[in-house]
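Here, each number is a calculation from the coordinates, and none is a lab measurement. Fair warning: this is a prediction, and the values are worked out from it, not measured in the lab. Every residue, glycine among them, receives a Cβ derived from its backbone with ideal geometry; neighbour counts consider all protein chains shown.
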Amino acid sequence: MFIRKVSFLNWVNGMVIWPFLLVSDKKNIEDPVFMNHERIHVRQQLEMLLIPFFLWYGIEYLILRLKYNHDRAYRNIVFEREAYAMEYNLDYLKSRKIWSFTRFYSKKYRYESF
């Protein structure tokens with residue numbers, strides 16, 4: 001993964017577009033939780049072969065956005081549910097099975113904050 005600091009990302013900490021991790025501040029890469037979150041997205045993108053990942057991500061966001069505000073819609077995208085739920089488990093990727101994100105459609109992982 002290549003890490004690049006980009007100025008246009010001042011509204012987020014980071015974004016993975018494999019093989020790049022785009023960050024708003026290079027200090028973020030020193031945070032193991034941040035890096036684990038982004039590595040989870042790397043795995044998701046690779047197992048879905050990039051284009052399907054971004055299509056799924058975008059379509060799911062648009063559907064959720066019809067019902068919720070931006071933050072709630074974004075956090076309820078299944079890929080974000082998995083990444084946020086497992087970001088503190090630094091060993092998660094060692095045992096993660098392919099397409100594990102699908103189990104995060106469970107209500108247990110729904111982001112309900114307003």
Residue in the range 28-39 that is crowded, with 17+ Cβ neighbours inside 10 Å and of a type in the set (D, E) present: yes
Answer residue from the range 70-114, given it is in contact with a Phe, Trp or Tyr (Cβ under 8 Å, 6 or more places away or on another chain) and of a type in the set (S, T, Y) and is nearest to V12 (Cα to Cα) among those: Y74
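Limited to the range 1-41, what total is found for residues that are of a type in the set (V, I, T), in contact with a helix residue (DSSP H, G or I) (Cβ under 9 Å, 6 or more places away or on another chain) and within 25 Å of F104 (Cα to Cα)?
The total comes to 3.
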Pairs where the first residue, in the range 74-95, is of a type in the set (S, T, N, Q) and the second is surrounded by fewer than 20 Cβ atoms within 10 Å (Cβ to Cβ) and in a helix (DSSP H, G or I), C-beta under 6 Å, 6+ apart: N76/L64
Count of the range 54-71 residues which are surrounded by 14 or more Cβ atoms within 10 Å (Cβ to Cβ) and of a type in the set (D, E): 1
Checking I98 against (1) within 15 Å of the chain's Cα centre (by Cα); (2) of a type in the set (A, V, I, L, M, F, W, C); (3) not in a helix (DSSP H, G or I), the condition it does not meet: (1)
